[in-house]
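Some notes on the structure that comes next.
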Amino acid sequence: MSCAELRILFSPGRVQLVQEEAMVPAAPSVLVTGATGLLGRAVLKEFQSSGWLVSGTGYRRARPRLLRCDLTDEDAVRALMQQLKPDVVVHCAAERRPDVMERHTEAAVNLNVHATSTLAKEAAVCGAFLLYISTDYVFDGRNPPYGEDDSPNPLNVYGRSKVEGERETLRHCPGAAVLRVPVLFGEVESVTESAVTSLWLDVQNVSEVSLDHRLQRFPTDTRDVAVVCRKLAQRQRQDPSIRGIFHFSAKEQMTKYEMAVAMATAFNLPSNHLIPLTEQLAAATPRPINSQLNCCRLEQLNLSVEPRAFTSAITDCLWPFTPDKRWRQTVFH
C-alpha cells in the first residue's frame, strides 16, 4: 500500500515542495473459521481491535459481514482460501459437545477431522499460518498436569476427533500450531451456549438440583484465549519457529457444583438448593476427571496472559441475563 507524502527540499536560492509515494506496510490478514461461535466471535473481535484485516466464516448461523462456507465441502474451502489468501487462519469451527458427538459421530468427525485436513492442506498451499484450536479432552485425566509433549489418551469420541484433527493439522501444514484449551465461557448469545454459563439455569432454579462435584475443570474466558491466539499469530510473523503444540488455561480448579455456587454468590442468590454429586452417572459420556494443562511453553515465550478471575469474568457474561440488566446498561453504558 502506498500514500502520498510531501517533502520540502532546500537548495541555494531555491525551495521545492515535492510529493513522493511512501510505502505503508499492509495490515496482516486473518481468517477465523467458526466466527459465529462462542470462541470465534471473541477471536474475531480481538484481531479486529488490533488492526488486522479480518474475515470470518459461519454456516448455519452465518450473518452479515461474515462468509457462509460449509467447511466439509473441499471445493468451497479451496475456493475460499484461494480468494482470500490470508496470512493467518484461526480454526475455531468444531463440534465441541461430547454428548452430541457420541450420538452423531460421522457428521461431527467430518467437521472436526476431515474439514481440518482440507483446511491444513490449503493453508500450506497459500503459505498461511494455521492455528488449530484443540482441547484438554485429548487426555484421560488420570495423571495431571499435562504438558505439551505428553501422549494423548482421549476417553470419548470428541477427544479422539480432536487428536485426529491435531495430527491432520501438523501432517499437512508442518508450520502450523495447535492450541489446547479447557472448557470455555464468554459473551454468550444464550446461557445454554456454554457448559459453564448453562449452570445459571440451575442457580435460578427454585427446586433442588444435583450438580457434578467430581470432575475437575478449569473454566477459561474466551477473551483470554483470543488474546493468546493474536499474540501467537503476531509472534509467528517474526519467528517461524512458533509452531507445534501449545496449552492455555485459567488456573482456578472448579467442579460444576463449585462454579454454580460461585455464580450464586456473585449475584447474592441462594445456593442451598444446589446439591454436590460425587458419583459418576452410569449412562454419562466418559470425561477426564482432571485434565489440567501445563502451560509452560506459552509462558516461557512470553505469549501467555494472566487469566481473568472466574467470579468477575462470569459476572460480565451473565449480567445480560439478570432481571436488572437494563438498569446496569443505563448506569454503566
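The values are calculated or read from the model by the stated rules, or taken from the named source; none is laboratory data. Only a predicted model underlies this, so the values are computations on that prediction, with no experimental measurement involved. Every residue, glycine among them, receives a Cβ derived from its backbone with ideal geometry; neighbour counts consider all protein chains shown. Note: accessible area is taken over every heavy atom of the protein model, side chains too, but ligands, DNA and RNA are not part of it. Shrake-Rupley method; radii C 1.70, N 1.55, O 1.52, S 1.80 Å.
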message: Can you give me the solvent accessible area of F267 with a 1.4 Å probe, rounded to the nearest 10 Å²?
response: 30
message: Checking the cross-link filter: which lysines have an alpha carbon closer than 24 Å to that of K256, excluding same-chain neighbours under 8 positions apart?
response: K162
message: Among F246, S210, G127, which residue has its Cα furthest toward the positive end of the charge dipole of the chain, with +1 on Lys/Arg Cβ and -1 on Asp/Glu Cβ?
response: G127
task: Hey, for a label at N156 modelled as a point 7 Å past Cα toward Cβ, could you say which residues of the range 254-289 have their backbone N under 12 Å away?
output: 281, 283-289
field: FRET efficiency, 1/(1 + (r/R0)^6) with R0 41 Å, evaluated for D70 and N205 via beta carbons
entry: 0.60
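Run the dipole for the range 192-333 about the Cα centre, Lys and Arg Cβ at +1, Asp and Glu Cβ at -1, nothing else charged, and hand back the magnitude in debye, nearest 20.
Details: 16 positive and 14 negative charges, 129 e Å.
So the magnitude is around 620 debye.
With charges only on Cβ, +1 for K and R and -1 for D and E, what is the dipole size of the chain about its Cα centre, in debye, rounded to 20? Each step should come with its number before you reach the end.
Working: 37 positive and 38 negative charges, 135 e Å.
Value, rounded to 20: 640 debye.
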- prompt: Can you work out the FRET efficiency for the pair C126 and H104, with r the C-beta to C-beta distance and R0 = 30 Å, to the nearest 0.05?
  reply: 0.45
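Please compute the length gained on full extension between T285 and T322, using 0.36 nm multiplied by the number of residues separating them and subtracting their Cα-Cα distance. Please list the in-between numbers first.
Working: separation 37, 0.36 × 37 = 13.32 nm, distance 3.14 nm.
Extra length from T285 to T322 when fully extended: 10.2 nm.
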message: Among Q236, H91, F310, whose Cα projects farthest towards the positive end of the dipole of the chain, with charges put on the beta-carbon of Lys, Arg (+1) and Asp, Glu (-1)?
response: Q236
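Based only on Cα atoms, what Rg/Rh ratio does the range 29-75 have, Rh being taken as Kirkwood's radius?
Numbers: Rg = 10.4 Å, Rh = 10.7 Å.
Ratio of gyration radius to Kirkwood radius: 0.97.
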task: As a check on your grasp of the helix formula, calculate [θ] at 222 nm for the chain: sum -39500 (n - 2.57) over DSSP H runs of n ≥ 4, divide by the residue count, round to the nearest 500.
output: -10500 deg cm²/dmol
query: Non-local amide H neighbours of E95 (under 5 Å, H modeled in plane, Pro and chain starts lacking H): which ones?
result: N112
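Report the calculated FRET efficiency for Q238 and S271 (r = Cβ-Cβ distance, R0 = 45 Å), to the nearest 0.05. Could you put the intermediate results ahead of the total?
Details: r = 48 Å, r/R0 = 1.07.
My answer for the efficiency is 0.40.
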- prompt: Between C296 and T278, what length in nm is gained on full extension when 0.36 nm per residue of separation is reduced by their alpha carbon distance?
  reply: 3.4 nm
query: Heavy-atom accessible area of T36 with all protein chains present, probe 1.4 Å, nearest 10 Å²?
result: 10
